[in-house]
Each structure stands twice: as C-alpha cells, then as structure tokens.
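Peer 1: Sharing a structure, written as structure tokens. Questions coming.
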Amino acid sequence: MTTNYRFSFGPWNIHSGSDPFGPAMRDEFTFAEKLEFYKKLGFDGVQFHDDDVVTSADDPWTKQESDAKRVRQLLDERGLVAEFVAPRLWENEMGIDGSITSNSPEARKYTLERSKRAVDIAQIIGTKNIVLWPAREGTYMREAKDPVASIGRLVEWMNALLEYNKDIRILGEMKPNEPMDQAYVPTVGHFLGLASLTVAPSRVGALIESAHSILAGLDPSDDMAYALYQKKLWSVHLNDQNGLKFDEDKSFGVVDLRRAFNQVWVLERNGYGQNGEFVGLDVKALRTQSKEKSTKHLSNSREIFLKLLDLVRSLDVKKVEGLRASRDYEELDLLIVNHLMGK
Ligand code: 3MF
Ligand code: MG
C-alpha cells in the first residue's frame, strides 16, 4: 500500500526574519494571508500554538471560544485540517523559569489552566493532538530547580490533561537545549520512558524534529525508528541542521541529503502516514529572503521530501539485503551514494 503523504506546517513557519540579533527584515503576512499559501504550496494540515488560534490565551474563555470557532470556519472553507495545538507556555511572563517545572506554585497553576484551555481550543478546531514542546522545562544553571521533582511535575501535568479530556493525545517534541542550557527531558527516549508512567500510556506519543535529534548528537532516522517500533510516532518536524549549534530550522535535506534520505526511508518503510499522520515541516526562511520569496523553504522542503521518496521507492532492496547479508558495507556505501547521485 503506497502512502499518499499529507504535509503540514505552522503559521510561525512564514515569518518576518527577525532573530535574537536583529529585527524583522520583511513585513509579516497576516494569519489570513498565510492560510491562503497552504493549498498553493501543496499543504493540507495546519499546526497551531494556542495563541495562533486565539488572539490571547489570557482572554476570557468566551472570547477565546469565538476566536477558535472563527478559525475552524476558515479552515473548513479552505479544506484545511488542524493537525495539533501546542500551548505556547514559554513566551508568557509566568513561564519565565519554566511553566510545568517552575518553582512557583502560582506559575504551575497558570500553566495547567492555560493547557486545559489549549485542549478546549483543540476540540473546537477539530484535533485531538496536543503537542508539548517543553521549551523552558530545564535549567539555565544546574542548581536552580530540583531535578527529580521536575520530572514528577511533567508527569503530573500530563496526567492532569489526560484526565481532563479522555480523547486527547499528548505528543512530546523533545529538544536537548535552547532556550534552556539543559532540558530535563532531552530526547524522545527520555520522553517515552515517562509516557509509560502516565495514567494513559496509549495516549502519549512523540513528534520528532530532525534538528532536535541532531542537536542531541543523535541520528533523526534512528530516533524515528525508536518511536515507530512503539507505534508512537504521531508527527514529525522535518528540517535540517548544520552541526551542533542553535536550532537552524533549515529546509529539509539541504545540509545532509543522505541523512534526509534515511529519514524518508524509515518513514516510508514503516507505514508512517497510513493512520493519517502528517509530514510536518518546521522550517524557516533565511533572513535574507525578500517577503515575496519567503515561502520557498516550505515548497522546497516538500519537493525534496517527494524526490527522496522516489529514491526510497526505487532503491534496489534485494541488492541492499544481499550486501547486508555479505556484510559488504563498503559496496553498500557506494550503492547509496550512487543512488542519491542518480547513477
Ligand atoms: C522549537 C520548535 C517549536 C515547536 C512548536 C510546536 C517554534 O525548536 O520546534 O517551533 O515545533 O512550538 O510545538
Ligand atoms: Mg518543531
């Protein structure tokens, strides 16, 4: 059965080019303008933070509810689907030192209430997927928090949401650092270990971002394989990354084509997408792009994925198996590189 892949991205993936060292370089498209790009660029799924859906996650619920209904209507009219909602806990002042793992009981209370609203928003826009990117759930300096208590707080947060709504699923998107110096749950392996301790392990899975695995010094395709074996790979954020530095969110495959090929390979050969999973692209346009040309990173990433998919599908599997059996990995190296070069 061949998968007909569906692609997704979030409104933050079309942006004005600001970075920690300089301001915006192009005007921001409005949310409504961004929505028009989806189908044109070949995408069907929209990823959201809670406050991508509502004007402010601190507005009274009645206002948030009407905002969310309006967004649902915009999606429906355009034949688009909401893939997930992620509470954007890391921008609020309350989350200055972490939200779930904050030392402040008041901040933790705010976090849980806001997360429950994110679940309600998800329900209105039509998705069961809640993504947890635990941005500030770690430390700037080791002694700042109790590390054991912090792990417990992450599990308690998940339990509270899983109990709050019995339909939702939590997808952990782990990253080892940035904005924090050290994250408490740095990899998918750490996260799925905790998943098994929750009140509903079958409703806790993963979203794996290529760059996040690379930043942890790991191979993204192996991280994906680990989650796929457990039937817990429910979304991906494909992109690329030049070594262990800040999270670059480069277009998929532009740094290391072979590493990208291996990600497509592991997804395709293991039925990813056959239960409706999206191929998410968490990519950013370079700051140097003009506004009119600031969506190419999305269509390029999609195109590179589809071209690599052709290569995965046309790879001579018998040859690969033969070379594995005879342990001739030098020949296998050449086979793969030649295949990538179209030889
Ligand atoms: C950070 C990320 C985030 C998450 C997003 C959804 C802003 O490295 O990858 O992008 O993907 O918040 O969880
Ligand atoms: Mg991401």
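Peer 1: Which value in deg cm²/dmol, rounded to the nearest 500, describes the helix-derived mean residue ellipticity at 222 nm for the chain, given -39,500 (n - 2.57) per DSSP H run of n ≥ 4 and division by the residue count?
Peer 2: -13500 deg cm²/dmol
Peer 1: Please build a GNM for the chain, connecting alpha carbons under 10 Å apart, and tell me which residue among 138, 253, 322 fluctuates the most.
Peer 2: 322
Peer 1: Shifting gears a bit: Hey, can you list the DSSP H helices of the chain whose Cα span along the axis is 20 Å or longer and whose average Kyte-Doolittle score is at least -0.5?
Peer 2: Long hydrophobic helices here: 147-164, 296-314.
Peer 1: Oh, and also: Indicate, rounded to the nearest 5 percent, the antiparallel portion of the DSSP beta bridges found entirely in region 6-298.
Peer 2: That works out to approximately 15 percent antiparallel.
Peer 1: Place a label point 7 angstrom from the Cα of residue 39 along the Cα-to-Cβ direction, then list the residues of region 304-318 whose backbone nitrogen is under 14 Å away.
Peer 2: So the set is empty, nothing qualifies.
Peer 1: Can you pull out the chymotrypsin sites (Phe, Trp or Tyr not before Pro) in region 1-30 whose DSSP state is coil and whose Cβ has at most 11 other Cβ atoms within 10 Å?
Peer 2: Taking region 1-30 and a limit of 11 other Cβ atoms within 10 Å, the loop chymotrypsin sites (Phe, Trp or Tyr not before Pro) found are 21.
Peer 1: Restricting attention to the alpha-carbon atoms of region 269-343, what are Rg (one decimal) and Dmax (integer), both in Å?
Peer 2: Spelled out, the Cα radius of gyration and Dmax of region 269-343 are 17.1, 53 Å.
Peer 1: Taking the Cα centre of each part, how many Å lie between region 326-342 and region 3-51?
Peer 2: 37 Å
Peer 1: Which length gain, in nm to one decimal place, applies between residue 58 and residue 291 when the Cα-Cα distance is subtracted from 0.36 nm times their residue separation?
Peer 2: This chain segment gains 80.8 nm when fully extended.
Peer 1: Among the listed pairs 250/307; 109/231; 128/291, give every one whose C-alpha distance is greater than 24 Å.
Peer 2: 109/231; 128/291
Peer 1: Lys and Arg at +1, Asp and Glu at -1: add these up for the other residues within a Cβ distance under 13 Å of residue 6 and post the number.
Peer 2: Within the 13 Å Cβ shell, the charges total -1.
Peer 1: Moving on to the next point. Count neighbours as other Cβ atoms within 10 Å of each site's Cβ, and list the trypsin sites (Lys or Arg not before Pro) in region 190-287 that are DSSP loop with at most 11 such neighbours.
Peer 2: Filter output for region 190-287: 245.
Peer 1: While we're here: Given the convex hull of the Cα atoms of the chain, what is a quarter of its surface area in nm²?
Peer 2: So the Cα hull casts an average projection of 18.3 nm².
Peer 1: When the solvent-accessible surface of protein heavy atoms is calculated with a 1.4 angstrom probe, in what order do 83, 113 fall, highest first?
Peer 2: Sorted by accessible area, descending: 113, 83.
Peer 1: Once you have the Cα-Cα distance between residue 155 and residue 65, take 0.36 nm times their residue separation minus that, and quote the gain in nm to one decimal.
Peer 2: 29.6 nm is the gain from fully extending residue 155 to residue 65.
Peer 1: On the accessible surface of the chain, probed at 1.4 Å, how many percent belong to carbon and sulfur atoms?
Peer 2: In the chain, the share of accessible area belonging to carbon and sulfur is 51 percent.
Peer 1: Calculate, in nm to one decimal, what residue 338 and residue 314 gain on full extension: separation in residues at 0.36 nm each, minus their alpha carbon distance.
Peer 2: Extra length available between residue 338 and residue 314 comes to 7.4 nm.
The values are calculated or read from the model by the stated rules, or taken from the named source; none is laboratory data. Just so it is clear, the model here is predicted, and its values are computed rather than measured. With ideal geometry, Cβ positions are generated from the backbone for all residues, glycine too; neighbour counts draw on all protein chains shown. Keep in mind that these areas ignore ligands, DNA and RNA; they rest on the heavy atoms of the full protein, side chains included. Shrake-Rupley method; radii C 1.70, N 1.55, O 1.52, S 1.80 Å.
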